[in-house]
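See below for the structure under consideration.
The values are calculated or read from the model by the stated rules, or taken from the named source; none is laboratory data. These figures come from a predicted structure and were not determined experimentally. Cβ atoms come from the backbone with ideal geometry, glycine included; neighbour counts cover every protein chain shown.
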Amino acid sequence: PKTVYLAEYTPFGFIVEDVSLTFDLDPHKTRVKSRIAFRPNPEATDKTFFLHGENLDLISATIDGKPVNTEQTDEGLTCPVPDAPFVWEAEVEIDPANNTALEGLYMSNGMYCTQCEAEGFRKITYYPDRPDVMATFNVTVNGPHPVLLSNGNPVKTSQHHVEWHDPWPKPPYLFALVAGDLVAHSDSFTTMSGRKVDLNLYVRPGDEGKCAFGMEALKASMKWDEDVYGREYDLDLFNIVAVDDFNMGAMENKGLNIFNSSAVLASPETSTDMNFERIEAIIAHEYFHNWTGNRITCRDWFQLCLKEGLTVFRDSQFTSDMRSAPVKRISDVIDLRARQFPEDQGPLAHPVRPESFQEINNFYTATVYEKGAEVIGMLKTLVGDEGYYKALDLYFTRHDGDAATIEDWLKVFEDTTGRDLSQFKRWYSQAGTPRVKVEESFELDELTLTFTQHTPPSTATPDPQPQVIPIALGLIGPDGKEVLETQTVELHEETQIIRITSLEGRPVPSILRGFSAPIVLEQDLSDADRAHLLAHDTDPFNRWEAGRTLARKALLGIIENGASVDEAYLDGLRAVITDDSLDPAYRALMLGLPSQSDLANTLYEAGKAPDPAAIYDATETMRDVLASHLKDDLHALYKANQVSEPYQPDAEQSGKRSLANAMLSLITRAEGAELAAQQYAAADNMTQQLAALANAIRVGQGAQMLADFEAQWKDDRLVMDKWFGLQVMEAKPKDAAATAERLTEHPDFNHKNPNRFRAVFGALAMHHAGFHHESGDAYTLLADWLITLDPINPQTTARMCSAFQTWKRYDADRQNKIKTEVARILATRDLSRDTTEMLTRIQG
Ligand code: DPP
Ligand code: ZN
């Protein structure tokens, strides 16, 4: 496969003035006619006329009405063109019903839909399929369906025929088309300038009852973007369509967002609190792309973080405003450490702005998205809120309508704040997680903190240079009172010393408050100091972090020498859990343990091969210890956090449910599944039902409940995904692979549906002790299924390959088993470019 390099960017030789497309829909023989007005691009030196095109059957092609001879390859075509404006017209035939890759135009349950990001438009028609080619689109859809949608506004509608016009120039990856027998949940929003926008959420008949929440989230997002960023929506219509077969979460096509049904459909009976929160965030994310992504797009795919990092940052701000900011911050950091850190510290490490790729679909990663968002958070910390919003205002005015770069982005900050961001820019160009070691000394009344930063070299970045690292810190005095409020120190050098004087007695430094930078902090604090922070830190993130660090130490003690858990920690934890002045959601997070994968990594970094079974056992022991230490509080807290009001998926109610369900899990562990069975029987919402079921399965008493659950929900695709996933998640390590395999034999298992495939195999890959069971069965099973899925859906296959990325952590036997499976997949004939690239990189 060919490698593409950022350094080799050149503009396209032609400018597209206008695009007209006509679709005559047919499952196997859809005809697409295109009429594209080109003119030579005065700024381009390379005048080759190359149009991308894949899996297209070319029926005819003309230039200015005269037939042309084209030269075709698997990737596109060229032909001679005049050195003056001209009109290209072509007709192609495509086969949406056989498009199982779910890129381009495809079918899902009888409906037509599209996915063009990143490079799917070339599977619809011949076109310069690159984000820096922006044009206005006119689209005619002919088909025997009640609903025929495309981008922009409808200009002419008759039966089986709708013409759409999108006045905003857009790159082809934002093109969308939907046709089907759909029903709309409709509403409207009046913008800040008083314009009425019609809003529709289109779903399959039967799903009407799952639309209300998504619609409210959309309106809240529209309002929030006006209030916080001054961004108003720019069409008279905004449509969202839910589709069952979709590779990603959702897609921000101009005026016609297409959503994986799991990322938009919700009802109390079928969705958990976590589902609601995720849906609210994804709706916001896609809506926010209208400005950060669509109005200002990316010059090339190396700049993906320009829109994704910023839009993730914006959706996190939104969730923090709608719900609890500390809870959102802690959840984001848990997620970053679970998904981005392993990527950044393993063979798939790449900079937030990668410099080369073979298949861009492989770079929709936690690094581009989540680390990309962290980088923007740091920038905001460094320039302050006022500086940040001034820079954003300039970004929106200066670059509206542009296909922009990270250089453009940083320039608006330099121009508005006067800061030199050349060193900061390394966050975009260097791979790897920086590690910051802090050493402390205290003499008389002076505290000295010595910071040393170091980024481990990687293939992507063999020689990392010091980065700009904002460290938010405060001090907690011996009496538990804060003696220094949060200050931000900027690290630039490899080593930097900070002195704080006039202190009365040694305070405990609370460093990296709010997780002010995406780094690993190495701080040698005693257990007593951490317990002090757990009890007194005013920064909610660091208070949680103190507890988490103590839990990690306790777990490692159990793993390595069967040590008993420190009583001071357990008492400190109990004090937090029973403190009614604290948000229940926050208290529930305090009870969470570091993941088993995280523990494996800690051991690996200490030079020891982690034993997944021992880690699993230690986690079980730790939970038993928690159950027994908190036993006098469990039932009281469970009861105190029951919700008697009608179900609402808001922060307050979901916080209570999460604390109550954390209690349920400890109670079930200590006493069996009786209370879980009661909760299951009484549940009127999925959060309560699913938590009860999970707990019953965990203690081996869930068989009947599982059968009841299946009988109740067999016709609900999204709920059945939970049923599939939960059985794998809750399996004992030795049974995980066999459980997954058994589920693949279930009549409702369908590997062509990405949600169902991920329900089973995503759960298996996340089951640390099950996936890495010494038998190697899970490795083999996953490899078998990746080989099966690759010819059908390369994108989902390649994404799932990351399950193997941590192979170097483990012992020689596991390493060999994984290497064998990776090599076996790679030896498959006609393996996709996507999967080939991922596995080759993982091999390292
Ligand atoms: N739809 C995906 C997202 O919003 C890719 N743009 O992140
Ligand atoms: Zn996005």
**Message:** Criterion first (of a type in the set (S, T, N, Q) and either in a loop (DSSP other than H, G, I, E, B) or crowded, with 24+ Cβ neighbours inside 10 Å (or both)) does Thr796 satisfy it?
**Reply:** yes
**Request:** For the stretch 389-404, enumerate the residues that are assigned to a helix (DSSP H, G or I) and crowded, with 19+ Cβ neighbours inside 10 Å.
**Result:** Ala391, Leu392, Tyr395, His399
**Fill in**
Checked pairs for the stretch 700-718, first touching a residue at least 60 places away in the same chain (Cβ under 8 Å), second in a helix (DSSP H, G or I) and of a type in the set (D, E, K, R), C-beta under 7 Å and 6 or more apart or across chains, list as none
**Request:** Go over the candidates His350, His399 one by one and state the one that is touching a Ser or Thr at 6+ places or on another chain (Cβ under 7 Å) and away from ligand 1 (no atom under 16 Å from the Cβ).
**Result:** His350
**Those residues of the stretch 273-292 which are surrounded by 24 or more Cβ atoms within 10 Å (Cβ to Cβ) and either over 30 Å from Pro154 (Cβ atoms) or of a type outside the set (A, V, I, L, M, F, W, C) (or both), in sequence order** = Asp273, Glu280, His285, Glu286, Tyr287, His289, Asn290, Thr292
**Asked** Out of all the residues in the stretch 273-322, which are outside any helix (DSSP H, G or I), over 19 Å from Ala220 (Cα atoms) and within 13 Å of ligand 1 (Cβ to nearest atom)?
**Response** Gly293, Asn294, Thr297, Cys298
**Prompt:** So which helices (runs of 4 or more DSSP H) stay within the stretch 606-695 end to end and still have 2 or more residues that are touching a Lys or Arg at 6+ places or on another chain (Cβ under 8 Å) and surrounded by 15 or more Cβ atoms within 10 Å (Cβ to Cβ)?
**Reply:** 612-629, 651-671
**Message:** If I go through the stretch 75-115 residue by residue, how many of them are part of a strand (DSSP E or B), without any contact (Cβ under 8 Å) to a residue 60 or more places away in the chain and touching a Ser or Thr at 6+ places or on another chain (Cβ under 6 Å)?
**Reply:** 3
**Asked** Applying the selection to the stretch 504-528, what residues are small (Gly, Ala, Ser), farther than 19 Å from Trp427 by Cβ and outside any helix (DSSP H, G or I)?
**Response** Gly505, Ser510, Ser526
**Prompt:** So which pairs qualify, if the first residue must be in the stretch 308-324 and in the same structural domain as Met378 (by TED's automatic domain parsing) and within 15 Å of Ala366 (Cβ to Cβ), the second must be among the basic types (Lys, Arg) and at pLDDT 95 or above, the Cβ gap must be under 7 Å, and the two must be at least 6 apart or on different chains?
**Reply:** Ser316/Lys328
**Request:** Could you look through the stretch 247-267, keep only residues that are of a type outside the set (A, V, I, L, M, F, W, C) and more than 15 Å from ligand 2 (Cβ to nearest atom), and pick out the one that is nearest to the chain's Cα centre (by Cα)?
**Result:** Ser262
**Asked** Restricting the first residue to the stretch 278-298 and requiring it to be within 13 Å of Ile240 (Cα to Cα), which pairs with a second residue that is within 9 Å of ligand 2 (Cβ to nearest atom) and aliphatic (A, V, I, L, M) meet a Cβ separation below 6 Å and a spacing of at least six or different chains?
**Response** Ile282/Ala250; Glu286/Ala250
**Request:** Hey, can you tell me all the residues within the stretch 418-449 that are in contact (Cβ under 8 Å) with a residue 24 or more places away in the chain, in contact with a strand residue (DSSP E or B) (Cβ under 7 Å, 6 or more places away or on another chain) and assigned to a strand (DSSP E or B)?
**Result:** Arg435, Val436, Lys437, Val438, Glu439, Glu440, Glu446, Leu447, Thr448, Leu449
**Single match in Asp335, Asp244 (criterion: at pLDDT 95 or above, within 16 Å of ligand 2 (Cβ to nearest atom) and of a type outside the set (Phe, Trp, Tyr))** = Asp335
**Request:** Considering only residues that are of a type outside the set (D, E, K, R) and part of a loop (DSSP other than H, G, I, E, B), look in the stretch 242-264 and name the one that is nearest to ligand 1 (Cβ to nearest atom).
**Result:** Met248
**Prompt:** Out of curiosity, is Leu21 touching a Gly at 6+ places or on another chain (Cβ under 9 Å) and either outside the structural domain of Pro171 (by TED's automatic domain parsing) or closer than 28 Å to Thr140 by Cβ (or both)?
**Reply:** no
**Prompt:** For the stretch 268-284, does any single residue satisfy the condition of being of a type outside the set (Val, Ile, Thr), within 16 Å of ligand 2 (Cβ to nearest atom) and in contact with a Ser or Thr (Cβ under 6 Å, 6 or more places away or on another chain)?
**Reply:** yes
**Prompt:** Which of the residues spanning the stretch 350-370 are outside any loop (DSSP other than H, G, I, E, B) and of a type in the set (Asp, Glu)?
**Reply:** Glu370
**Prompt:** Any chance the stretch 580-597 includes a residue that's part of a helix (DSSP H, G or I) and over 25 Å from Thr687 (Cα atoms)?
**Reply:** yes
**Fill in**
For the stretch 199-216, pairs from a residue that is touching a residue at least 24 places away in the same chain (Cβ under 8 Å) to a residue that is surrounded by fewer than 21 Cβ atoms within 10 Å (Cβ to Cβ) and in a helix (DSSP H, G or I), with Cβ under 7 Å and 6 or more apart or across chains, are Leu199/Met215; Leu201/Met215
**Prompt:** Hey, any hits in the stretch 485-503 for a residue that's in contact with a Ser or Thr (Cβ under 6 Å, 6 or more places away or on another chain) and assigned to a loop (DSSP other than H, G, I, E, B)?
**Reply:** no
**Prompt:** How about the stretch 159-189: which of its residues are of a type in the set (Ser, Thr, Tyr) and closer than 24 Å to Arg204 by Cβ?
**Reply:** Ser186, Ser188
**Prompt:** What pairs can you find where one residue is in the stretch 157-173 and closer than 12 Å to Val141 by Cβ, the other is at pLDDT 95 or above and surrounded by fewer than 14 Cβ atoms within 10 Å (Cβ to Cβ), and their Cβ atoms are less than 6 Å apart, with a gap of 6+ or different chains?
**Reply:** His160/Pro144; Glu163/Val155; Glu163/Lys156
**Prompt:** Among the residues of the stretch 224-241 satisfying the criterion of being touching a residue at least 24 places away in the same chain (Cβ under 8 Å) and assigned to a helix (DSSP H, G or I), which is farthest from ligand 2 (Cβ to nearest atom)?
**Reply:** Glu226
**Asked** Does the stretch 450-469 hold any residues that are crowded, with 20+ Cβ neighbours inside 10 Å and in a strand (DSSP E or B), and which are they?
**Response** Phe451, Gln453, Ile469
